[in-house]
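A short worksheet on the structure shown next.
The values are calculated or read from the model by the stated rules, or taken from the named source; none is laboratory data. What you see is a predicted model; the values in this text were computed from it and never measured. Glycine gets a Cβ as well: all are built from the backbone with ideal geometry, and neighbour counts include every protein chain shown. All accessible areas refer to the heavy atoms of the entire protein, side chains included, with ligands and DNA or RNA removed. Shrake-Rupley method; radii C 1.70, N 1.55, O 1.52, S 1.80 Å.
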Amino acid sequence: MSSDGLFGLRDRVAVVTGGNGGIGLGIAEGLAGAGACVVIAARNRAKSDAAVAKLAAMGTQSIALEIDVTLERAWKLVVQRTLDQYGRIDILVNNAGVLLGKPPEEYSLEEWHSVIDTNLTGAFIGSQAVFPEMKRQGGGKIVNIASLTASFGSPFNVPYTASKGGIVQLTRGLAAAWAMHNIQVNAISPGWIDTGLASGIRARIPGFNEKVVARTPAGRWGRASDLAGVAVFLSSRASDFITGAAIPVDGGYSIQL
Ligand code: NDP
């Protein structure tokens, strides 16, 4: 075993999409804390710069690269710039995601595509973009952010739930395809986590906050930092024989009637 132990990520390079806020930043901080160099890959430059400053204050190396995850050419640039900066890519966290809430009959095709393209297609083309380098290096870790809505229906978020169901299946398919290259592909299914994405729903639906707390055995909303541990685990040697899994991080929300 290396001196970095089972869970250490020293000298590993991680790309975290949407790593400039919410769950992505919680994960980026976890990976940086375990020793990784982190590439914050997102759209909003000011948020990304603030995230890099936060990671730098932890004494870790990180950079921000601008990307719209729906664009193949943007992925090529991110991979190239990461290799120029660090010379390797060990971990990809496909976390960038958007949510639109309305009854299914009211979505335009454009709105459907905006959700599916960001949440699902972005993770696919991102995984394709890092694959050649991971294969060349002899292995890698891909962590996709799914959701409990991969298994539960939700009447106001149909494109979102479809994208998250797709993420779990994308995870299984890539895991099966790339295991021979020592690339493990797993998903995390967060429960209700207190971020910008969830606060919109919370504000829109009266009583929703209390409903989540009452239904969750842990008795609280999740925090972005609650995702850090499982992300480190799935990015480290400790999970080398785990692939294609979707791990709930939900305070027990999905296991209680
Ligand atoms: P936030 O809205 O806080 O973060 C979403 C992130 O995605 C932002 O950092 C944003 O970056 C980035 N992003 C969105 N679209 C794009 C794009 N086209 N290209 C690049 N980056 C993009 O939400 P969360 O932190 O809550 O969500 C993170 C992930 O967790 C999502 O996949 C979400 O579906 C999932 N999730 C969240 C849950 C929750 O309860 N909060 C529950 C289950 C899953 P920028 O601002 O730069 O655009």
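Here is how the numbers come out for the structure above:
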{"quantity": "Among (1) part of a loop (DSSP other than H, G, I, E, B); (2) under 19 Å from Ser147 (Cα atoms); (3) small (Gly, Ala, Ser); (4) away from the ligand (no atom under 11 Å from the Cβ), the one test that Gly97 misses", "calculated": "(4)"}
{"quantity": "Number of positions in region 100-114 that are open to solvent by less than 40 Å² (accessible area, probe 1.4 Å) and away from the ligand (no atom under 16 Å from the Cβ)", "calculated": "2"}
{"quantity": "Residue satisfying condition, being under 18 Å from Ser127 (Cα atoms), aliphatic (A, V, I, L, M) and more than 13 Å from the ligand (Cβ to nearest atom), within set Ile205, Ile167, Ile242, Ile188", "calculated": "Ile242"}
{"quantity": "Of residues in region 1-21 being within 10 Å of the ligand (Cβ to nearest atom) and crowded, with 23+ Cβ neighbours inside 10 Å, the one farthest from Pro190 (Cα to Cα)", "calculated": "Asn20"}
{"quantity": "Residues located in region 129-155, provided they are more than 16 Å from the ligand (Cβ to nearest atom) and at pLDDT 95 or above", "calculated": "Phe131, Pro132, Glu133, Met134, Lys135, Arg136, Gln137, Gly138, Gly139, Gly140, Lys141"}
